[in-house]
1. Using 12 Å as the cut-off for backbone N distance, which residues of the range 1-24 belong to the label zone defined by a point 7 Å from the Cα of residue 91 along Cα→Cβ?
2. Between the range 157-191 and the range 44-60, how many Å separate their Cα centres?
3. So for each of 30-37, 107-114 I average, over its residues, the number of other beta carbons within 10 Å; can you give me the resulting order with the highest mean first?
4. Need the full-extension length gain, residue 349 to residue 80, defined as separation in residues times 0.36 nm minus the C-alpha distance. One decimal, nm.
5. If I model a spin label at residue 159 and residue 283 as a point 7 Å from the Cα along the Cα→Cβ vector, what separation in nanometres do I get?
6. Work from the charge dipole of the chain (Cβ charges, +1 for Lys and Arg, -1 for Asp and Glu, about the Cα centre) and give the residue of 223, 20, 89 farthest towards its positive end.
7. Residue farthest toward the positive end of the dipole of the range 258-353, with Cβ of Lys/Arg at +1 and Asp/Glu at -1: which of 293, 277, 316?
8. Run the helix sum for the chain: -39,500 (n - 2.57) per DSSP H stretch of 4+ residues, divided by residue count, reported at 222 nm to the nearest 500 deg cm²/dmol.
Amino acid sequence: MKLSKDELGLNEGIKKEWVITNGLGGLCSSTVIGANTRKYHGLLVAPLFPPARRYVLISKLDESIQIGDEKFNLYTNICKDFVSEGFKYLQEFEKEYIPKFVYKVKDVTITKKISMIYGRNTVVVVYNIKNGKDSAVLDLAPIINFRDFHTMSTNHEFSIKQNINKNKIRIEIDGNGATPLYMYVSEGEYIEHYNDTFRNMYYIKEEERGFYPEENLCVPGRYQIRIEPNEEKNITFIGSLEDNIEQINGEKIIENEIARLKEIINHSELLNKSDKLKKEEQIKNEVIKDLIIASDSFIIYRPNFGTHSLLAGIPWFLDWGRDTLIAYEGIFLIQKRFDLAKEILITFTRDIKYGLVPNRIFRI
């Protein structure tokens with residue numbers, strides 16, 4: 001999917017959503033203009049007991065840039081009586097393997113790419129900034145939460161404890177010291193905020209579904225990165241449940257995830273690789289590729305069971321045997337993922353034989 005500026009207005013942008021996953025039941029999801037319209041949207045939605053107990057930890061990352069004496073907000077947030085209009089600076093959105101956003105402000109171009117680390121509750125956001133003739137300051141403000149993704153932090157007042165070590169932050173939210181959130185930026189200065197609550201974020205899709213649509217979130221601080229005139233700079237933001245994140249190379253993570261998905265596509269042998277393809281054959285190839293990438297998002301690993309399974313739906317559901325068997329042929333056999341197919345079938349039949357099947361995992 002590739003969208004140009006005339007397709008990225010507010011009314012059009014909130015209707016199109018994207019999602020990427022980490023193979024554990026965790027996800028990262030929003031709309032193509034970066035406005036969260038569901039309580040399930042989040043930059044880091046992590047399963048505390050994979051793939052179950054998914055918690056929204058980082059709702060989003062709000063960017064703004066100061067060029068000379070002018071400040072421009074690149075984020076789009078929706079409240080019932082106000083909409084921040086960062087989408088006006090969004091020139092392009094693309095989702096092939098990972099989501100990619102391109103912003104243009106005066107003579108500054110900012111490209112943002114997002115990826116989760118497969119098999120880990122960690123998200124990376126990589127920015128490439130091509131600055132113009134004036135000095136600039138990029139602000140990154142993480143908006144955080146700590147709630148089950150089926151619930152809402154309505155009228156909530158957050159208790160935040162921060163341990164700041166230069167660019168790396170350890171945050172305890174509402175006294176949850178056993179599950180701290182870690183954040184890191186590759187360079188820049190972190191400025192701590194106190195009692196900074198984002199009040200009444202409005203989720204239009206929840207209202208359409210008949211649920212209460214507003215909740216509070218917390219802004220613990222912001223990162224400031226200075227950019228010299230005509231300088232090109234890469235900046236990586238990392239959010240995680242893991243401590244040792246400062247060693248992560250965000251650009252390498254993105255390369256690895258794209259390579260992993262390409263390998264799955266190539267291994268399937270489903271694409272027509274002829275040098276002379278008609279237009280309809282090219283379109284068919286793209287559809288098949290998109291389906292393979294999408295289907296991979298449903299495959300999860302259960303560490304406590306030591307086996308793989310399939311989510312019955314994203315973002316709402318866990319893994320059920322009925323849904324696993326319905327999708328079994330298309331996701332595993334047709335795509336030649338025979339090792340996973342064998343593992344799941346052996347586990348499934350063994351657990352049925354010995355009466356070890358939890359209802360929530362294999363409901364048939």
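Every number in this text was worked out from the coordinates using simple rules, so none of it is lab data. Keep in mind that this is a model prediction, so the values were computed, not measured. Ideal geometry is used to build each Cβ from the backbone, glycine not excepted, and the neighbour counts take in all protein chains shown.
1. Zone members listed by number: 5.
2. Cα centroid of the range 157-191 versus Cα centroid of the range 44-60: 17 Å apart.
3. 30-37, 107-114
4. 91.7 nm
5. 5.9
6. Comparing the listed Cα positions along the dipole, 20 ranks first.
7. It is 277.
8. -6000 deg cm²/dmol
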